[in-house]
Amino acid sequence: MQNKKTQEYKKLAPGHNACSGCGQLSAVHAVMRGLTKDTIIANATGCLEVTTTAYPQTSWGLPWIHSLFENASSVASGIQAALKNRGDNNTKVLVQAGDGGTFDIGLGLVSGMWERGENILYICYDTESYSNTGIQASGSTPYGASTTTTPSGAQSIGSNQVKKDMLAIALAHGLKYVAQSAAGFPDDITNKVKKALATPGPSYIQILSPCVPGWGIGYDEAAMMGKLAVKTGLYPLLEYTDGKLSASSINANFKAEPVNSYLKAQSRFKHLGEAEINHIQMLAADNIKKYQI
Amino acid sequence: MKAKNKNQHQGQEILEGSRAIALTVNNIGPEVVSAYPITPQTHIVEDLAKFKANGQANFEYVRAESEFAAASIVLGASAAGARVYSATSSQGLLLMAEVLYNISGMRLPIVMTCANRAISSPINIWNDHSDAMAVAGSGWLQFFAENHQEAVYQHLLAYKVAEKMNLPALVNVDGFILTHSYEPVAIPNKSLIKKYLPARKLEAGTFLDTNNPVTMGGFFSPNDYLDTRKDICQDFDTSLAIIKKEYLNLKKIFKFKNNGNGLVEYSGAKKPKIILICMGSLAGTIKETLKKYADVGLLKITTFRPFPAEEIKKAIDHCVNIAVIEKAINPGSGGPLYLETKAAIFGHEKINIQNYIAGLGGHDISEKMIAKIIKEMRGRTTNKIKFVN
């Protein structure tokens, strides 16, 4: 879709076939608002690629490439090298991937890209599972979540692993800008994208993206779930500049809501008993302690 | 070092095979190079890194943390419109396999050298063709070089055909035998290369460009997917004639002569009773052996993909004794070159075609072994796959 006045294409046009009320797509719109038309996107395999590029149609008004599941970061490095060689310092390179492509199968390649120190912004839309293949557990799946490969049952609480700390991994690579946000906070997302792009070198933004079928929530609940994740302290809004925590939604005025309000609204957690809920409440308390500034 | 006999080796230097390839690639002028080290490919990429460090190269050298990443990096750069280069071998090529299929599906004209090496397990770093054969179906053009000079020219041909057809190309050079040996070789200069191979032509709407946004690598339904595979197959067929044409062009511009047409090269007896078929450096050993024979010929396959079936049929003509000597085997089936040759000549008179598997994991192939094969071919053959040792 082209704007007749500016001759610019809409960065992400409507008409894609993502689920109604998809948390990820709302986050993508907020990311797009932070970009200029001089941006090239490398996208990993996943819901975002499948729902926006069914040939011969596309929702993308920016140059966009999808190669494989695990290699969007390396593809971005190649694009960056081609731009550098022709003296183009203006065009920005953006990676978009889900948590499976980032935390699991693509982690080695993400690390390689960060080591090279290239000017690339990596966005991870974190649905806390492999949404596209049918809600299997990933390295990002939180404790207690029932997924199709960690189902809850008579002898299972769902996932008994702890969510991998990708932000710490990003910081360990010396990234100058690392941030966390959530669907439901579009302005926060857009601002962070702009800040990341203004910071030279690689940067990383992880955005909690509630998945309607994966989390078992209503079509109108994704934004609210993002907000609740932040309010409970389970998924705080965070920002690190030069390796230091520079902004957080958790501060002296922060009054945490009990995690129960968040857990009970989602079918992936509805099997949890008191002991598990108390454990998750403790994880939220740990976050509040860790990120208070 | 300059060659002593200037008349015989005009413009030639004694160079390591890897150095000859690296110098040629640098003169071709890629914009982005990315690779991951693996024996016996290392000397090529070390040389390229050295050229860059010494200010003798204009490309970006991107250090990759795996072959998977290296292939993906050149994929991204090529999609952004750059001429790119990579090199690998054996395990590295197999690790790249997923990306190789993706590159050909995206119709990116990437050129890569494969220093052919055996595949683990057991681990072995020496030469055979198992690596290249494992990706024979990945949609890459595949050339096989006999010696340093042929490797040099095949890199030019590879870029030319790749960029013309929007197909990726793999140039196969036998690990150690070519990559680490020294031979007299002429390195084409930049201006002559430019005449043969001008900068990559970019059509609007075919690469990542902020002035003309395109979506690459979208999601294809069954009907559209099938069409893309059909397109690639048709373009592989078309590239048979393109390779012949561009090889002729290459000979004219770089002024060299041989019996080859870019696809195959026949040498030896005019009316052979036996024809030996092979690929790569083994052709050199066979040519030496055949000097003692008046009724044996050699058909060297220089292009394996597309497979030059018609050329093979033509070259074999009325000869009925064919021995395919090759450095790869599909367990439970046969040598890939043998199987494809057999399919190509199906229905051709009463042909007797024998498969010899030789040189696996760097096993030496001597002139004596070739003589033994010729002797066997004169008697009754069994049509069973034979391992030469």
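With the highest mean first, a sort of the peptides B:351-360, B:166-175, A:54-63 on other beta-carbon atoms found within 10 angstrom per residue produces B:166-175, B:351-360, A:54-63. Counting Cβ atoms of other protein chains within 10 Å of each Cβ in B:196-208 and taking the mean gives 1.
Label sites at B:Ile385 and B:Asn211, each approximated as a point 7 angstrom past Cα along Cα to Cβ, lie 5.5 nm apart.
A straight Cα-to-Cα reach below 29 Å connects A:Lys231 with the lysines A:Lys163, A:Lys164, A:Lys176, A:Lys192, A:Lys194, A:Lys195, A:Lys244, A:Lys255, A:Lys264, A:Lys270, A:Lys289, A:Lys290, residues fewer than 8 places away in its own chain not being considered. The residue among B:Tyr266, B:Ile119, B:Phe59 whose Cα reaches farthest toward the positive pole of the charge dipole of chain B, with charges on the beta-carbon of Lys, Arg, Asp and Glu, is B:Tyr266. Within 14 Å, Cβ to Cβ, of B:Trp126, how many net charges do the neighbouring residues add up to if Lys/Arg are +1 and Asp/Glu are -1? Result for the neighbourhood of B:Trp126: -2.
If you put +1 on each Lys and Arg Cβ and -1 on each Asp and Glu Cβ, how big is the dipole of the protein assembly as shown around its Cα centre, in Debye rounded to 20?
Working: 70 positive and 58 negative charges, 444 e Å.
With Lys and Arg at +1 and Asp and Glu at -1, about 2140 debye.
Take every pair of alpha-carbon atoms less than 8 Å apart whose residues are at least six positions apart; their mean separation over the length of chain B yields a relative contact order of 15 percent.
What shape does region A:171-293 have by the C-alpha gyration tensor, where a ≥ b ≥ c are the square roots of the eigenvalues, rounded means a/c under 1.5, and otherwise prolate means a/b greater than b/c and oblate the rest? Walk me through the numbers on the way to the answer.
Working: a/c = 2.26, a/b = 1.55, b/c = 1.45.
Verdict is prolate for region A:171-293.
Each stretch of four or more DSSP H residues adds -39500 (n - 2.57); spread over every residue of the protein assembly as shown, this sum gives -11000 deg cm²/dmol at 222 nm. Magnitude of the charge dipole for chain B, about its Cα centre and with charges confined to Cβ atoms of Lys, Arg (+1) and Asp, Glu (-1), is about 1620 debye. Each peptide among B:70-80, A:75-85, B:321-331, B:361-371 gets the average number of other Cβ atoms lying within 10 Å of its residues, and from highest to lowest they stand as B:70-80, A:75-85, B:321-331, B:361-371.
Per residue, the average separation of C-alpha pairs within less than 8 Å and at least 6 apart gives chain A a relative contact order of 16 percent. Each Lys and Arg contributes +1 and each Asp and Glu -1, all at the Cβ; summed about the Cα centre of region A:23-291, the dipole is approximately 480 debye. Find out how many positive minus negative residues lie around B:Lys375, taking Lys and Arg as positive, Asp and Glu as negative, among other residues whose Cβ is under 14 Å from that of B:Lys375. Charge balance in the 14 Å sphere: +4. Ordering A:Thr127, A:Phe69, A:Pro202 by the projection of their Cα atoms onto the charge dipole of chain A, which places +1 on the Cβ of Lys and Arg and -1 on the Cβ of Asp and Glu, puts A:Pro202 at the extreme positive end.
Among A:Thr149, A:Ile105, B:Phe387, whose Cα projects farthest towards the positive end of the dipole of the protein assembly as shown, with charges put on the beta-carbon of Lys, Arg (+1) and Asp, Glu (-1)? It is B:Phe387.
For region A:1-150, what class follows from the C-alpha gyration tensor (a ≥ b ≥ c being the square roots of its eigenvalues): rounded when a/c is under 1.5, otherwise prolate if a/b is larger than b/c, else oblate? Provide the component values of the computation, followed by the final result.
On the way: a/c = 2.26, a/b = 1.24, b/c = 1.82.
Since a/c reaches 1.5 but b/c is at least a/b, the shape of region A:1-150 is classed as oblate.
With a 10 Å cut-off around each Cβ of B:218-229, the average count of Cβ atoms from other chains is 3. Peptide A:34-46 shows a mean partner chain C-beta count of 2 within 10 Å per residue C-beta. Taking Lys and Arg as +1 and Asp and Glu as -1, the other residues whose beta-carbon sits under 13 Å from that of A:Gly21 total -2.
Partners of B:Lys52 within straight-line reach, counting lysines whose Cα lies under 22 Å from its Cα and excluding those fewer than 8 residues away in the same chain: A:Lys84, B:Lys190, B:Lys194. Rounded if a/c is under 1.5, else prolate if a/b beats b/c, else oblate: with a ≥ b ≥ c from the C-alpha gyration tensor eigenvalues square-rooted, which is region B:264-387? Note, shape of region B:264-387 comes out rounded. If you take the Cα centroid of region B:176-235 and the Cα centroid of region A:178-253, the two points sit 40 Å apart. Measuring how big the protein assembly as shown is from its alpha-carbon positions, Rg and Dmax come out at 28.9, 96 Å.
DSSP H helices in chain B with Cα extent of 15 Å or more along the helix axis and mean Kyte-Doolittle hydropathy at least 1.6?
Working: long enough: B:17-28 (17 Å, 0.60); B:42-53 (16 Å, 0.02); B:67-79 (18 Å, 1.45); B:148-165 (25 Å, -0.42); B:222-254 (46 Å, -0.57); B:367-378 (17 Å, -0.34).
Going by DSSP H runs, there are no hits.
We did not get these values from a lab; they are worked out from the coordinates using the rules stated. Nothing here was measured: the structure is a model prediction, and the numbers come from that model. Cβ coordinates were reconstructed from backbone atoms using ideal geometry, including for glycine residues, and neighbour counts include every protein chain displayed.
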